[in-house]
Protein chains: 2
Amino acid sequence: MRPVPLLSAIALALGLSACATTPPETLRGTGDLGVVIERAAGRVQVVEHSHNTSLGTIDGLGDLSHAHVAFSRDGRYAYVFGRDGGLTKVDLLTRRIAKRVIQAGNSIGGSVSQDGRLVVAQNYEPGGIKAFDADTLELLADVPAEYAPGKFSRVVGLADVPGQRFVYALFDANEIRVTDFSNPRQPVTTRYPAGKQPYDGLVTPDGRYFLAGLFGEDGVSLLDLWKPEDGATKILAGYGKGEEKLPVFKMPHLRGWSMAAGQAWLPAIGRHEVLVADARSWQETGRVPVKGQPVFVMARPDGRQIWVNFAFPDNEWVQVIDTVEKRVVHTFSPGKAVLHLEFTPRGDEVWLSSRDSNRVTVIDTATFATRKELPADAPSGIFFTSRGQRIGF
Amino acid sequence: MRPVPLLSAIALALGLSACATTPPETLRGTGDLGVVIERAAGRVQVVEHSHNTSLGTIDGLGDLSHAHVAFSRDGRYAYVFGRDGGLTKVDLLTRRIAKRVIQAGNSIGGSVSQDGRLVVAQNYEPGGIKAFDADTLELLADVPAEYAPGKFSRVVGLADVPGQRFVYALFDANEIRVTDFSNPRQPVTTRYPAGKQPYDGLVTPDGRYFLAGLFGEDGVSLLDLWKPEDGATKILAGYGKGEEKLPVFKMPHLRGWSMAAGQAWLPAIGRHEVLVADARSWQETGRVPVKGQPVFVMARPDGRQIWVNFAFPDNEWVQVIDTVEKRVVHTFSPGKAVLHLEFTPRGDEVWLSSRDSNRVTVIDTATFATRKELPADAPSGIFFTSRGQRIGF
């Protein structure tokens, strides 16, 4: 008997066999990965957009209504922010939960710092932001949004900007704040008075301008983060509900505001219009009539098209605006209750979630042809890893 | 004897052991990976910018002087274009050559199509472009740059733009061409007369404008790809060597032209200046004096800074321009013969190659502190996978 060769042979055979039990898709690039939120099931699907397939699901993520997702610098991990305050770090390669903490009572999202080392959550309850180590989810800093003794505001519109800073608005305190986490355990916060009841916000793709939509008055508060000492100014005073009091079925998501062709494209509130503003002067330059009250107004990455979805009762429709012609060039319905859309990084395709049709539809943005339909359980948000390489996501 | 449990135990033990022989770093995200060209050795280093380390090397890539790199849609593969016409598909995870073909006699680079399915090389000899299947490197189409019977031009400035199109210039034929690979085996090419001897080109980040610098006359040829029927126009007629005939030590790389803060920042030819032009009117708006003849003029991803390296004899220096103040705010030397620089996707750091100091230096762009120095054998180009998610790279 020659035990060594025998064992070697067994080792070889069994070794290969054991390795094969690792899902083969774990050894793969992460640049084409993404997650689809299945809100009712507390679950995400892991998807890939090279071949438009679903790779698997991950359960146990809690209340995913209004869930938001950010990504690690390397693209391997998704940080899923649940409405119930759960923050879950999901490994997209092994499709397992890597870490999970309950960090608040009511959370509406979060972002990753410029260097990838911090995950910051924005919370309604308790009102404020919290910073976590991106590897371990250890709490590094708690920054309450206290605006009067014992009073804490709900935080909205959180966005990462260069310099380890995060900018956000305080709905209950008429303020924009910038917190610098260059020293993560000793953050420094600067306060800027803003308009009444900022209800959401975004930064321009270069991280320079923070814009907060106002609920308590018409207009938008603008803070130039390259000249923050000038403070917030009010722009687009005609923006908002305007002279008539229109019923608002769903507040638009300002994160969907888009910069394209030198213009900012904004969802009107209550009106069946998309507003166009010059991105240098911030003056309104036009309005495009659309089919319903816009919710997301998102530019294809090259800026030639703007895609719009709508509030109830028009939420089965999607419209496409040509940014040169400034008019709708395509109207269609991918399914019932279209909640979100996400472009592939270079814009050849767009993924749309139809909650009440239980599917995700992949559309060719050049021809508007349907490339694929993927089943999903009441899908809402769709998020691709390329967000991890951009400012303000 | 109970063979089954024994075998199971052996399988478990040996299986784990066998799996562990796979390098642990193969199971990882690819969003923070990159390659550094070691030009003299015909080798690339695989690096990662989360922790600023080198992961390994891959040999056997031929003549890598003036090498260019593009990336697969999923971020796993690098396509390395060698000067000798070699096109090598490198697996960044296993760090092996996946495929290699010699596709031309003299090549200066290439790009990947919007959908990720095509790799297109631009060649001097034979003059033209060729399209390959991104998976297999099978030749799908050969598009000679024939401009008169039997005469073929050198191709420069190739860039991918939306719609499976590639735009490029013909040095010997005073033309810009656009080839549409929507049907990869039956490409359709459109020709646009341009200025004299276009020697390099680039597209704006949205893929809308193609600009070709001219060697045979002062100025730049501009083609609006959203209105190509208008043809190419000449802009910046004062651009170029100008009234005095200055010695030009190295032609600048136009790929380095940058859009930032609503302006285009261009290397002057021969002069110790960076030119600034309005990105709407294409009129010159200023010039920034710098230390030498600029080669690469590259914007930090947020557009607040422009980093510049120089031709011999000033090629040990790097300068940083503040785009609001329009002046140099920092001058330093990371080493001798600085050939290239590459920003991390969100701009917290920049990597610089110093060929004659045999090192790559990682600099914090906020503080200008040196974060890391990595040894490298005569390094030239540095390329991060995030290029695969952008238009025009």
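Overview of results
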| quantity | calculated |
| --- | --- |
| Filter result (small (Gly, Ala, Ser) and over 21 Å from B:Thr26 (Cβ atoms)) within region A:68-112 | A:Ala70, A:Gly82, A:Gly85, A:Gly86, A:Ala104, A:Gly105, A:Ser107, A:Gly109, A:Gly110, A:Ser111 |
| Matching residues, region A:123-141, being among the polar types (S, T, N, Q) and in contact with a Ser or Thr (Cβ under 7 Å, 6 or more places away or on another chain) | A:Asn123 |
| Which numbered condition A:Arg28 misses (of (1) crowded, with 18+ Cβ neighbours inside 10 Å; (2) away from chain B (no Cβ under 12 Å); (3) more than 20 Å from A:Ala134 (Cβ to Cβ)) | (2) |
| Of all residues in region B:277-291 being at pLDDT 95 or above and buried (at least 20 other Cβ atoms within 10 Å of the Cβ), the one that is farthest from B:Ile382 (Cα to Cα) | B:Val288 |
| Selection status of A:Asp218, surrounded by fewer than 22 Cβ atoms within 10 Å (Cβ to Cβ) and either of a type in the set (A, V, I, L, M) or at pLDDT 90 or above (or both) | no |
| Subset of region A:102-121 [open to solvent by less than 10 Å² (accessible area, probe 1.4 Å) and under 21 Å from A:Gly207 (Cα atoms)] | A:Gly109, A:Gly110, A:Ser111, A:Val112, A:Ser113, A:Leu118, A:Val119, A:Val120, A:Ala121 |
| Residue selected from region B:302-313 under the condition of a type in the set (A, V, I, L, M) and crowded, with 24+ Cβ neighbours inside 10 Å, by the criterion nearest to A:Arg280 (Cα to Cα) | B:Ile306 |
| Odd one out for A:Phe210 among (1) open to solvent by 10 Å² or more (accessible area, probe 1.4 Å); (2) at negative phi; (3) of a type in the set (A, V, I, L, M, F, W, C) | (1) |
| Filter result for B:Gln164 (among the polar types (S, T, N, Q) and over 30 Å from A:Pro205 (Cα atoms)) | no |
| Within region B:47-93, considering residues that are more than 14 Å from chain A (Cβ to nearest Cβ) and on the phi > 0 side of the Ramachandran plot, the one most open to solvent (accessible area, probe 1.4 Å) | B:His66 |
| Test: B:Arg154 is closer than 17 Å to B:Ser111 by Cα and away from chain A (no Cβ under 14 Å) | yes |
| Selection status of A:Glu373, surrounded by fewer than 23 Cβ atoms within 10 Å (Cβ to Cβ), without any contact (Cβ under 8 Å) to a residue 40 or more places away in the chain and assigned to a strand (DSSP E or B) | yes |
| Selected residue [among the β-branched types (Val, Ile, Thr), away from chain B (no Cβ under 14 Å) and open to solvent by 60 Å² or more (accessible area, probe 1.4 Å)] from A:Thr233, A:Thr179, A:Thr189 | A:Thr233 |
| Qualifying residue in region B:292-301 (condition: surrounded by fewer than 22 Cβ atoms within 10 Å (Cβ to Cβ) and more than 23 Å from B:Pro205 (Cβ to Cβ)) | yes |
| Subset tally (residues that are touching a Pro at 6+ places or on another chain (Cβ under 7 Å) and within 11 Å of chain B (Cβ to nearest Cβ)) for region A:258-286 | 1 |
| Among (1) away from chain A (no Cβ under 14 Å); (2) closer than 23 Å to A:Ala260 by Cα - the single one B:Pro289 does not satisfy | (2) |
| Output for region A:302-328, where each listed residue is within 19 Å of A:Arg346 (Cα to Cα) and in contact with a helix residue (DSSP H, G or I) (Cβ under 9 Å, 6 or more places away or on another chain) | A:Val308 |
| Hey, B:Asn123 within 14 Å of chain A (Cβ to nearest Cβ) and at pLDDT 95 or above or not | no |
| Restricting region A:338-370 to residues that are within 21 Å of A:Ala67 (Cβ to Cβ) and free of Cβ contacts under 8 Å to residues at least 24 places away in the same chain, the residue that is least open to solvent (accessible area, probe 1.4 Å) | A:Ser357 |
| Considering residues of region A:122-169 that are at positive phi and touching a residue at least 12 places away in the same chain (Cβ under 8 Å) only, the residue surrounded by the fewest Cβ atoms within 10 Å (Cβ to Cβ) | A:Leu137 |
| Subset of region B:31-46 (residues that are farther than 22 Å from B:Ser113 by Cα and open to solvent by less than 10 Å² (accessible area, probe 1.4 Å)) | B:Val36, B:Ile37, B:Glu38, B:Gly42, B:Val44, B:Val46 |
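So that you can scan it fast, the table gives a plain yes or no per residue for (1) touching an Asp or Glu at 6+ places or on another chain (Cβ under 6 Å); (2) modelled with pLDDT under 90; (3) within 21 Å of B:Tyr147 (Cβ to Cβ); (4) of a type in the set (A, V, I, L, M, F, W, C):
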{"site": "B:Pro187", "(1), (2), (3), (4)": "no, no, yes, no"}
{"site": "B:Thr190", "(1), (2), (3), (4)": "no, no, yes, no"}
{"site": "B:Leu222", "(1), (2), (3), (4)": "no, no, yes, yes"}
{"site": "B:Ala232", "(1), (2), (3), (4)": "no, no, yes, yes"}
{"site": "B:Lys241", "(1), (2), (3), (4)": "no, yes, no, no"}
{"site": "B:Lys250", "(1), (2), (3), (4)": "no, yes, no, no"}
{"site": "B:Ala261", "(1), (2), (3), (4)": "no, yes, no, yes"}
{"site": "B:Ile269", "(1), (2), (3), (4)": "no, yes, no, yes"}
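The values are calculated or read from the model by the stated rules, or taken from the named source; none is laboratory data. No experiment lies behind these values; they were computed from the predicted model shown. A quick note on method: Cβ atoms are made from the backbone with ideal geometry, for glycine too, and the neighbour counts reach across all protein chains shown. Accessible surface is based on the protein model in full, side chains and every heavy atom, while ligands, DNA and RNA are left aside. Shrake-Rupley method; radii C 1.70, N 1.55, O 1.52, S 1.80 Å.
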